[in-house]
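What follows is a single structure, written as structure tokens, with notes after it.
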């Protein structure tokens, strides 16, 4: 069995496009769930809005990518407002129910036959929707380091992706250390207390929902540009819950949590998958079939999500003092 | 001064009678006899009811029924099954059903001759025309969905007939009863513990799979179903509460954190089922290919009638139990105000245990119902979860009558909406309805406004 | 003794001529409420004909458990909406105002179940109370130079208050690590950060140990001396005697008596309401228990 291949794959994926997309989604959840206490169970809807905006506008309508990106971001803001207006005045679980429902509404609509002309049905939209971006690629060669191989296209996406994450992380850092951040953290702890001090909690929750959603949408845009293909079944609710697992792994309400979480998550997930595959292929594990590896990875994610939420919501590198408070 | 818990008298207005017991300790000796009794009645009813002769036979076969988007049977459609050294072609009968006996379990290629489809009918999913099917043992049910017209199913105007409307109303009623089974449990658990359980769908799935296991061990579904309900109630209900939720309540894990935990649990359960049972749909060995009984323009399978009647009895029994029995009253008291209920001597933890048992039992029933009228798949409950939430939100989170009314409304709405919107979008309609209700009346149809402060 | 401070004397002399009847009008009311009704189901939890609160006074709202005091507080501060009624604060009509607007107008409340923001540091809890912060706006928050100066001033003010409430040693700790009494103090100090004209305290003494109770009472008097009006809820009659200038008594949703503490304590209706409530635990909704002689 080829152990260096397993490690190489794991590292490449941990720093690759998928990790970037999930990191962006988890950064959005960090603002919403980590700092403001909003339970958005439909983050994948925001990613779908971003990805499909690119697909539809560039491929179906033949417009420019540079027009599609701002339209996608506007659509994302509109979605957040639609979700927030009925639910943000209600208890937390209503937002959770409505957001997960909306993410399914969007997925079912884009995969429907009735709207196939626009969204491509179950096959989605395929085509060179990210060409305008790839035309700007300054790299001339693929990269082949030990344990790290990317094509020149991937290298360009990864460079821009991590740069975006760096910028958004800086912005998040500024936000949560400001008085604005203090208000949203107060809302997370006790909304009525914050209201009784003259803050309009509703507006702050809406702002957090919009900002977090925008980050998810950027993730979706990166998806469309990098993979040049969007399919409805890429946007199932499990994407949202992978993002939650990433957030909790890195630590909710920690500025670098989503980055740490995304890298560790994808390293572990790919490592486990490739490792098991190799073991099965080499005949060292006989009680599993290659098709069992997928479910096993999901089971680990599910158990990880439960375990982290129960035992270490502040992340694997979290502050013990906060842990003591949670036990109250 | 007297240290009574601070309460508002109005909190008790609807339940004033249980306050009479204040001072005395309300004994909460759980009476499992009640629930077991209800189950025995269920079993007896099952045995007494005469099932229509089932198409199920010994041996291995690929079965299915082809129906157009308007529900009309597609007759004389030619299907071919191919495997190594085996080829067989059959045509669908007058009811649109087909049955192809195959020599043994294995992989088969099933193709439909599109030329034999009635004009104007096309596949909803193009990949349905040719697919490979893994047959294990017994009947392997294959589902097809068809669309009408060239624009793929969006034209439904032609089928706006009274026959269709009455069929949809009956389907909607049955679907509503099915949802109610799940929604009542969901709401009871929410009412007593405050937990919005995103893994409630998996209680349905677990129930359906428990029955599948018993069924494949050789028990007839008539025996396997009630047994699976009891096992599910204990194992997946009582056990889940005991192993997971009770310790979490003791740790004082917040409700928001608990909701995330339910998500993790749902994922874990789903993929464990996928790992052990595989992804292909399964059917119970009995009553699989039943043909419908005709009641005027409406066609209903006997098993649907039996399940719907039993489900309605189970729901009614739950309501009566909540109203009449001591533990039922205690349940309502806990839903109303856990702190006060506890102060008046009600053992809150015990009530919660009972509620989990009941909720899981009802969910298992719903799962078997769903699995018998459709298929048993690893994600069947997940697909119903949002519809159950729509029902509960519509009726009002935490109110039991609300859950029932909401379920019936959602069931009807989902089915009737197919008159206007494509069938594949019917769930979308229900979810839209839920969001609109939240805008207009957030506490639901029967819910009451929350107190602040 | 701060109780005899300048403001105390002013408030007490202004209230000296006010008749001791429910709904009596005050010479300089800061808060006036009329015909406030809140029903839950078929019951009226609050049914107040008329009530006024004198500016610059410490007014206690007392009554047995379940009398509707907290509900009345919720209504006045916008956390709950009445079925009927109107009220004004500083002459401005307040009906149907969102709770955050009520607070911005200078009417700030605390809660019976203390709402310390556990995973925020004590100093951040305090800073949250400050009004009109530029850095609380989303765009401005990204540019620290826009709000840094204001933040420094607010922090200085917060430190002064923390010292006064003996919480300065806990400044950098999570609020969740404070004791119950310290949380009460923090909540009060945080409310003062917004420089309220009327501060409404919901059972400030509940669950506080006797040693801390004395210091809490001193703090409340201090608030009056600084020119604010205090309205506070309490169910223990003895607690209010020492510090309040005026006492309003609620029972079963209605105001049954008003007056200076000494007079109210002697009022037979008040005594009956309290005794009655002890016997019936305030769970009955009939009004009969108010009449003397029926208490067993």
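The values are calculated or read from the model by the stated rules, or taken from the named source; none is laboratory data. Only a predicted model underlies this, so the values are computations on that prediction, with no experimental measurement involved. Methodologically, a virtual Cβ is constructed for each residue, glycine included, from the backbone with ideal geometry; neighbour enumeration extends over all protein chains shown.
Things worth noting here:
Let's see how each residue does on (1) out of contact with any helix residue (DSSP H, G or I) (no Cβ under 9 Å at 6 or more places or on another chain); (2) over 21 Å from residue C:111 (Cα atoms):
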site	(1), (2)
C:17	yes, yes
C:31	no, no
C:34	yes, yes
C:44	no, yes
C:50	yes, yes
C:54	no, yes
C:58	no, no
C:82	no, no
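- Of all the criteria given as (1) facing another protein chain (nearest Cβ under 9 Å); (2) farther than 24 Å from residue B:335 by Cβ; (3) buried (at least 23 other Cβ atoms within 10 Å of the Cβ), the one not satisfied by residue B:392 is (2).
- Being within 11 Å of chain B (Cβ to nearest Cβ) and either more than 14 Å from the chain's Cα centre (by Cα) or closer than 23 Å to residue A:45 by Cα (or both) is true of residue A:252.
- Among residues of the stretch B:238-258 that are within 12 Å of chain A (Cβ to nearest Cβ), those with a Cβ under 6 angstrom from a residue that is modelled with pLDDT under 95, sequence gap 6+ or separate chain, pair up as B:255/B:194; B:256/A:39; B:256/A:92; B:257/A:309; B:258/B:195.
- Residue list for the stretch C:100-151, restricted to those being part of a loop (DSSP other than H, G, I, E, B), out of contact with any helix residue (DSSP H, G or I) (no Cβ under 9 Å at 6 or more places or on another chain) and closer than 16 Å to residue C:194 by Cβ: C:105, C:106
- Members of the stretch B:402-442 that are more than 9 Å from every other protein chain (Cβ to nearest Cβ), at pLDDT below 85 and assigned to a loop (DSSP other than H, G, I, E, B): B:441
- Filtering the stretch A:23-72 to residues that are in contact with a helix residue (DSSP H, G or I) (Cβ under 9 Å, 6 or more places away or on another chain) and on the phi > 0 side of the Ramachandran plot leaves only A:37.
- Among the conditions (1) surrounded by fewer than 23 Cβ atoms within 10 Å (Cβ to Cβ); (2) modelled with pLDDT under 90, residue C:63 misses just one, which is (1).
- Residues within the stretch A:308-318 that are under 20 Å from the mean Cα position of the chain (by Cα) and either within 9 Å of another protein chain (Cβ to nearest Cβ) or outside any loop (DSSP other than H, G, I, E, B) (or both), tallied: 3
- Residue match in the stretch C:250-266 (condition: surrounded by 22 or more Cβ atoms within 10 Å (Cβ to Cβ) and under 15 Å from the mean Cα position of the chain (by Cα)): yes
- Output for the stretch A:65-84, where each listed residue is in contact (Cβ under 8 Å) with a residue 40 or more places away in the chain and within 11 Å of chain B (Cβ to nearest Cβ): A:83
- Residue within the stretch A:93-112 that is at pLDDT below 95, in a loop (DSSP other than H, G, I, E, B), within 11 Å of chain B (Cβ to nearest Cβ) and over 30 Å from residue A:190 (Cα atoms) present: yes
- Of the strands (runs of 3 or more DSSP E) lying entirely inside the stretch C:1-93, those containing at least 1 residues that are within 14 Å of chain B (Cβ to nearest Cβ) and closer than 21 Å to residue C:251 by Cβ span C:29-40, C:43-54, C:58-62.
- Unmet criterion (only one of (1) within 8 Å of another protein chain (Cβ to nearest Cβ); (2) farther than 27 Å from residue A:103 by Cα) for residue A:207: (2)
- Condition check for residue B:289: away from chain A (no Cβ under 14 Å), at pLDDT below 90 and surrounded by fewer than 20 Cβ atoms within 10 Å (Cβ to Cβ): no
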